Amino acid sequence: MKKLLAAAGLSLLAACQIVTIGPDGNVVAEAQEPVTITPATTGIGALLVAERRVQGLGPMEESPLLSRVAEAHAKDMLARGYFGHENPEGQSAWQRGTAAGYCSFVISENLGAGDISQAGMVAEWMASSGHRKNILDPRFARYGFARVEDYWVLMLAAAC
């Protein structure tokens, strides 16, 4: 297993607008339709829910909007060769999420890198105090996830 590169971050505050961001993090289109939230029943969502259930916490639901934001960040890190919660322009996970239209007081992000299974990455995150704290934060009811090659991005947020 390749060494896991990981970091955990938390940003506070909220703003609401409905826009779409491109892989470079720039706004590319405005949207007028609400985002559909789906229950986490498979894949990484089911793994997160299982970890939270052990701690007596409620389930999480996937936000396709947060997943698109996570994917854009993973693609950007891959394309520009960096690994971090802030892109080279200094834009944070919270800024990326709110610029895309996600309305929340709290957005957090777990990053990982490596050729590993979803179960393996969740186990790595749970073994890291900062990542574990994010996954088990009772405020979080939504998540977005993307893996682009060996770059992993998990966004966690409170419901709007």
Any hit, the stretch 134-141, residues being on the phi < 0 side of the Ramachandran plot, assigned to a loop (DSSP other than H, G, I, E, B) and open to solvent by less than 10 Å² (accessible area, probe 1.4 Å): yes
Matching residues in the stretch 53-98 - criterion: being part of a helix (DSSP H, G or I), of a type in the set (A, V, I, L, M, F, W, C) and open to solvent by less than 20 Å² (accessible area, probe 1.4 Å): 65, 66, 69, 70, 72, 74, 77, 93
Cβ pairs under 9 Å, 6+ apart, first in the stretch 40-69 and in contact (Cβ under 8 Å) with a residue 12 or more places away in the chain and farther than 18 Å from residue 147 by Cβ, second open to solvent by 20 Å² or more (accessible area, probe 1.4 Å) and of a type in the set (Gly, Ala, Ser): 52/58; 58/141; 59/141; 61/141; 61/159
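The values are calculated or read from the model by the stated rules, or taken from the named source; none is laboratory data. Every value quoted in this text rests on a predicted model; they were computed, and no experiment measured them. Every residue, glycine as well, gets a Cβ built from its backbone with ideal geometry; the counts of neighbours run over all protein chains shown. We work out accessible area using only protein heavy atoms, side chains counted, and drop any ligands, DNA or RNA first. Shrake-Rupley method; radii C 1.70, N 1.55, O 1.52, S 1.80 Å.
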